[in-house]
Amino acid sequence: MIDFSLPAELVELRDRVRSFIEEKIVPLESDPRQTPHGPTEEMRLEMVALARKAGLLSPHGPKQYGGLGLDHRGMAVVFEAAGWSTLGPLALNIQAPDEGNTNLLNVVATPEQKKKFLEPLVRGEIRTVFSMTEPDGGAGSDPSLMKTTARQVGQDWVIDGTKWLITGAPGADINIVMARSIDAAGRDVGATMFLVDMDAPGFRIVRMLDTIDSNSPGGHCVVEFKGVKVGPERILGEIGAGFRYAQVRLGPARLTHCMRWLGAAARAHAVAVDYAKRRQSFGQRIGDHQGVGFMLADNEIELNLCRLSIWHCAWLLDQHDRARDETSMAKVFCSEALGRVVDRSLQILGGLGITRDTVVERIYRDIRPFRIYDGPSEVHRHALARRIMNRN
């Protein structure tokens with residue numbers, strides 16, 4: 001039987017995070033340093049400093065580098081609390097792609113790479129990028145279509161290709177790049193991850209993409225690699241093992257997305273509940289009308305089911321770190337259910353919901369891409385259906 005009871009120290013940490021978010025971060029939600037492409041680096045560093053002072057920075061990070069070293073169950077509780085504000089994950093340094101890259105580097109990187117890249121990342125001093133998705137029929141939901149190549153020249157590797165929808169490139173320090181590796185004999189030996197400096201000769205940001213969301217610093221970009229040379233010390237893990245390492249990153253990252261967005265959807269629901277208690281229509285509170293009351297009830301149902309799904313997957317990851325199907329199912333269910341929660345919340349607010357007088361409008365915009373990134377719902381369903389059909 002799974003024990004969902006929380007130890008006292010985790011309850012205390014959750015409550016500290018809730019208080020920190022409400023007292024220090026929510027007041028910053030109207031800060032003018034937020035742009036269509038996310039908060040400025042100045043604002044991010046200011047919030048990180050607040051979290052560091054409160055002893056709440058990088059709850060997912062290894063303790064030896066300054067993090068809190070939480071397991072997945074602890075992360076589920078704390079990440080939800082941080083997600084109460086759209087800025088909360090950024091303040092605690094648990095925003096994507098940095099959060100997923102922290103886990104990847106901790107599992108795969110060499111001691112030297114951890115010292116150089118993981119340590120300042122956990123301290124919130126730098127931001128990182130993960131470059132895999134490509135335009136023009138390249139790698140996306142089907143990574144086997146990858147066009148970006150890394151060709152071995154002597155001991156070095158030369159990277160060429162274009163990536164797009166790359167989150168956070170402006171202002172980042174290091175880029176984890178996935179490329180097809182071609183050895184010195186001209187053989188394709190599989191995908192490999194490389195650590196590329198953002199100021200490396202031959203790398204450039206082609207353009208910023210205008211997207212519906214605005215919660216990630218640096219927004220989303222098209223980037224280009226033209227003859228970018230890296231040495232063997234910049235290989236992350238083993239040559240040809242890139243797809244395997246991608247699962248090290250993507251499996252848990254799908255679940256942490258669910259954790260953060262659960263907090264945001266719960267915030268939208270709380271705003272809607274408060275409004276439904278105050279707003280009068282046809283002689284009574286609008287929440288007393290079945291049309292609105294049933295929407296609030298459905299919100300409560302789906303919020304609780306998402307929480308149970310997340311906690312179940314977190315328990316599985318903590319037990320044996322094998323939960324591919326479970327995290328995939330949680331990602332589909334939570335991305336769709338939490339989207340419905342936010343949509344109902346906006347509907348309950350009526351005209352107010354489409355204005356920026358409440359945070360619901362922003363959550364509505366920011367949560368919609370959740371059904372697409374880290375695998376669209378349709379791709380997860382396709383993969384699950386294929387495994388179902390192949391069972392004995």
I'd like to verify a number: residues in the stretch 22-49 that are farther than 28 Å from I166 by Cβ and in a helix (DSSP H, G or I), how many? 5
Please go through the stretch 304-327 and give me each residue that is within 14 Å of A253 (Cβ to Cβ) and of a type in the set (G, A, S), ordered by number. A314, A323
Taking the criterion of being over 14 Å from the mean Cα position of the chain (by Cα), within 30 Å of G353 (Cβ to Cβ) and either modelled with pLDDT of 95 or more or in a loop (DSSP other than H, G, I, E, B) (or both), would at least one residue in the stretch 221-233 satisfy it? no
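Matching residues to (1) at pLDDT below 95; (2) among the charged types (D, E, K, R); (3) surrounded by fewer than 22 Cβ atoms within 10 Å (Cβ to Cβ):
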{"position": "E22", "(1), (2), (3)": "no, yes, yes"}
{"position": "E29", "(1), (2), (3)": "no, yes, yes"}
{"position": "E46", "(1), (2), (3)": "no, yes, yes"}
{"position": "A51", "(1), (2), (3)": "no, no, no"}
{"position": "G55", "(1), (2), (3)": "no, no, yes"}
{"position": "M75", "(1), (2), (3)": "no, no, no"}
{"position": "V78", "(1), (2), (3)": "no, no, no"}
{"position": "G83", "(1), (2), (3)": "no, no, no"}
{"position": "I94", "(1), (2), (3)": "no, no, no"}
Based on this model, can you work out whether S30 counts as out of contact with any Cys (no Cβ under 6 Å at 6 or more places or on another chain), of a type in the set (S, T, Y) and more than 25 Å from F130 (Cα to Cα)? yes
For the stretch 355-384, which residues satisfy the criterion of being in a helix (DSSP H, G or I) and either over 25 Å from the mean Cα position of the chain (by Cα) or not assigned by TED's automatic domain parsing to the domain that holds R260 (or both)? none
Yes/no for R33 being touching an Asp or Glu at 6+ places or on another chain (Cβ under 8 Å), of a type in the set (D, E, K, R) and crowded, with 20+ Cβ neighbours inside 10 Å: no
Inspect all residues belonging to the stretch 289-299 and state whether any of them is more than 19 Å from G88 (Cβ to Cβ) and either under 26 Å from the mean Cα position of the chain (by Cα) or in the same structural domain as T192 (by TED's automatic domain parsing) (or both). yes
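Residue-wise test of (1) in contact (Cβ under 8 Å) with a residue 60 or more places away in the chain; (2) within 28 Å of G171 (Cβ to Cβ); (3) not β-branched (V, I, T).
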{"residue": "D210", "(1), (2), (3)": "yes, yes, yes"}
{"residue": "G242", "(1), (2), (3)": "yes, yes, yes"}
{"residue": "Y245", "(1), (2), (3)": "yes, yes, yes"}
{"residue": "A264", "(1), (2), (3)": "yes, yes, yes"}
{"residue": "D288", "(1), (2), (3)": "no, no, yes"}
{"residue": "I301", "(1), (2), (3)": "no, no, no"}
Taking E326 as the residue in question, decide whether it is charged (D, E, K, R), within 30 Å of Q247 (Cα to Cα) and in the same structural domain as I372 (by TED's automatic domain parsing). yes
Scan A139, A169 and give me the residue that is buried (at least 16 other Cβ atoms within 10 Å of the Cβ) and farther than 18 Å from R207 by Cβ. A139
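Every residue, every condition in (1) at pLDDT below 95; (2) surrounded by 15 or more Cβ atoms within 10 Å (Cβ to Cβ), yes or no:
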{"residue": "D321", "(1), (2)": "yes, no"}
{"residue": "K331", "(1), (2)": "no, yes"}
{"residue": "R344", "(1), (2)": "no, yes"}
{"residue": "I348", "(1), (2)": "no, yes"}
{"residue": "E361", "(1), (2)": "no, yes"}
{"residue": "Y364", "(1), (2)": "no, yes"}
{"residue": "G375", "(1), (2)": "yes, yes"}
{"residue": "V379", "(1), (2)": "yes, yes"}
One residue is enough: does the stretch 79-98 have a residue meeting the conditions part of a helix (DSSP H, G or I), touching a strand residue (DSSP E or B) at 6+ places or on another chain (Cβ under 7 Å), farther than 22 Å from A266 by Cβ and in the same structural domain as R16 (by TED's automatic domain parsing)? yes
Among the numbered criteria (1) outside any strand (DSSP E or B); (2) surrounded by fewer than 19 Cβ atoms within 10 Å (Cβ to Cβ); (3) in contact (Cβ under 8 Å) with a residue 60 or more places away in the chain, which one does I126 miss? (3)
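The values are calculated or read from the model by the stated rules, or taken from the named source; none is laboratory data. What you see is a predicted model, and the numbers here were worked out from it, not measured in a lab. Cβ: placed from backbone, ideal geometry, glycine included. Neighbour counts: every protein chain shown.
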